[in-house]
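Q: Just dropping this structure here.
The values are calculated or read from the model by the stated rules, or taken from the named source; none is laboratory data. Just so it is clear, the structure is predicted and the values come from calculations on it, not from any experiment. Glycine gets a Cβ as well: all are built from the backbone with ideal geometry, and neighbour counts include every protein chain shown. Side chains are part of the model used for accessible areas, which takes the heavy atoms of the whole protein and leaves out ligands, DNA and RNA. Shrake-Rupley method; radii C 1.70, N 1.55, O 1.52, S 1.80 Å.
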Amino acid sequence: MARMSHSSLCLNDIGSVVFSLVLSAFICVANVQAQSPVISEIHYNPLDALVPSGGTNVVDGGEFESVEVRNMGASPYELNGVSFVSGVSYTFPSYSLAPGDSVVVVENAALFTNRYPWVTNVAPGQYGGKLSNGGETLTLEDSLGSPLYSVSYGDGGAWPKSADGEGRSL
């Protein structure tokens, strides 16, 4: 059974809060399990970049996409076999997430860590697919296929324009 959960989303730049614009949004969360991880940040349409920094090779911003998963519980959460099953595809290997800690799943690990060297909590490997620049639903399931967390985002209406190709994340 689905329930509505009221959440606040902070608009920020990965790795550092540039400014604190807080938006209120209603997010439909399906079958959220107690102590389950949440999708805490979505960087769906990053800016293009010159690689290496200051170079002349322009890399499409989509290569820097990322999704952050955070343990909001009071005890460690084992992510072994937890998967993104809508939006992008990724299955966590044996990975323990301490209370309050997060892990970032990325589109292109080499380019992401080159651009954001201060982000040290990057999950092993990279996800399949691309985040939609027009919005979509991202869903996490446990290793048995039960929903853990699901969130939908968009790029119009009340969603911040600066997260849509201007370098910020949701």
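Q: Just add up the charged neighbours of Leu50: K/R +1, D/E -1, any other residue whose Cβ is under 15 Å from the Cβ of Leu50. Walk me through the numbers before you get to the answer.
A: Details: positive: Arg115; negative: Asp48, Asp60, Glu63.
Combined, the nearby Lys, Arg, Asp and Glu give -2.
Q: Need one number for the stretch 80-170: average projected area of the convex hull over its C-alpha atoms, nm². Each step should come with its number before you reach the end.
A: Details: hull surface 26.4 nm².
With every direction weighted equally, the projected area is 6.6 nm².
Q: OK, next. Calculate, for the stretch 71-157, the solvent-accessible area per residue in square angstrom, rolling a 1.4 angstrom probe over the heavy atoms of the protein chains.
A: Details: 3830 Å² over 87 residues.
Heavy-atom SASA per residue in the stretch 71-157 reads 44 Å².
Q: Tally up the carbon and sulfur contribution to the accessible surface of the stretch 72-133 as a whole percent, 1.4 Å probe, everything protein left in place. If you can, show how the numbers build up before the last one.
A: Working: 1560 of 2880 Å².
The nonpolar share, carbon plus sulfur, comes to 54 percent.
Q: Could you list which residues have their amide H under 5 Å from that of Gly73, counting only those 5 or more apart in sequence or on another chain, with H placed in the peptide plane?
A: Amide H to amide H, under 5 Å and 5 or more residues apart or across chains, Gly73 pairs with Gly100.
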